[in-house]
Amino acid sequence: MRTSLAATARRFLRWEFVPEAVLFAGLTAFFLDQNDAATSAFKSTKAVAIMAIVGLGWLGARAVLARLVPFALARAAAFSVAAAVALAVVVVPAYDNDTVIESFPTAAAVSAPPAAPALPAATDNAPMPTPPAELAAPMATQPAPTSAAARKKPAAAPTTSTTVAPAPVTVAESPTSTTTSPPQPEVAAPPAPAPAASGPQRLRSGSFRGIDHRAEGTVVIYRQPDGRYVIGLEDIDIQPGPDYDLYLVPGENREDTKGGIRLGDLRGNRGTQFYEVPAGVDLENGPWTVLVWCQTFAVPVANSTPS
């Protein structure tokens, strides 16, 4: 009976170190297949520190669980989970290609102020104003006044009668006055404002260069009609990895993020994507480097300095 228990314990002890064997095999395969990317981690202080902490933590956990957990199968299960997490963080992302194809972002249209309406031009053939009806009508005729002698009653008339001829009636014709207004000067409409640019303007472009990683594609700097800038990653194919970020760093051929502007997570290692630059950044003043950065191990992946 005692021999049977010892044999079972030995079998469990052999299976207990299977997680370490699987982890070692996975890391070795990754090192042989992706040699440049794997060795780039040793150039980063952060990556070396992470590996040292994980290695020491693993050995310490082994020693503690060997005293606290009497069942080898339980210990093997715990370290199997730890090995799976390590491979998922380090190895699996190196083979996980993600293709993202986006359309160019549209900027808000700048509305032009409406043009002032043109005033009608005055011409010499404009109709004259019609005079008042009182002036246009002819003056009424009035009888001529008779003399004072005629108004007196005549004396006794002699036997012979005298016939007085009527005085001629004079009609006074009042001239019609016509007022002609001077021609008004022609008022020209203000010039219409120059139309705004209807689409983005391509300023500079460059090719991606891999840094211990495989990378290709084109980086383009665009300027929107509203003055903002957009970084375009067009037809890119970058070697995948864990937690890639995109940075905009002042200077030429930069391989670090010091003084840079984080534009966000890299949405895909393949395809075409566009990233808006924060307002207030002038990309036409000096060279700028577009940098793909591995946040997990703090190493550069690819860069380009559009010119």
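Coordinate-derived values only; no laboratory data. Note that the structure is a prediction, hence the values are computed from the model and not measured. Every residue, glycine as well, gets a Cβ built from its backbone with ideal geometry; the counts of neighbours run over all protein chains shown.
In sequence order, what are the phi-derived ³J(HN,Hα) couplings for the stretch 218-233 according to the Karplus relation 6.51 cos²θ - 1.76 cosθ + 1.60 with θ = phi - 60°, rounded to whole Hz, with x for glycine and proline?
Those phi angles translate into 10, 10, 10, 9, 10, 10, 6, x, 8, x, 7, 10, 9, 9, x, 9 Hz.
Set the Förster distance to 45 Å, then compute FRET efficiency between residue 89 and residue 282 from the Cβ-Cβ distance, nearest 0.05.
0.75
Each residue of the stretch 247-260 in order: what ³J(HN,Hα) in whole Hz does its phi give by Karplus 6.51 cos²θ - 1.76 cosθ + 1.60, θ = phi - 60°, with x for Gly and Pro?
10, 10, 10, x, x, 9, 6, 7, 10, 9, 9, 4, x, x
Scan around residue 208 for amide H atoms under 5 Å from its own, H built in the peptide plane at 1.01 Å from N, and keep only partners 5 or more places away or cross-chain.
Under 5 Å from the amide H of residue 208: 217, 218, 219.
HN-Hα J couplings of the stretch 55-66 from phi, Karplus 6.51/-1.76/1.60, θ = phi - 60°, integer Hz, Gly and Pro as x?
Working through the residues one at a time gives x, 5, x, 5, 5, x, 5, 4, 5, 5, 5, 5 Hz.
Based on alpha-carbon centroids, what's the gap between the stretch 44-85 and the stretch 262-279 in Å, whole number please?
The two parts, judged by their Cα centres, are 36 Å apart.
Once amide H atoms are placed 1.01 Å from N in the peptide plane, what residues at a sequence separation of 5 or more from residue 299, or on another chain, have their amide H within under 5 Å of its amide H?
294
Which of the peptides 22-34, 214-226 is most tightly packed, and how do the rest follow, going by the mean number of other Cβ atoms within 10 Å of each residue?
Numbers: 22-34: 14.3, 214-226: 18.3.
Highest mean packing first, the order is 214-226, 22-34.
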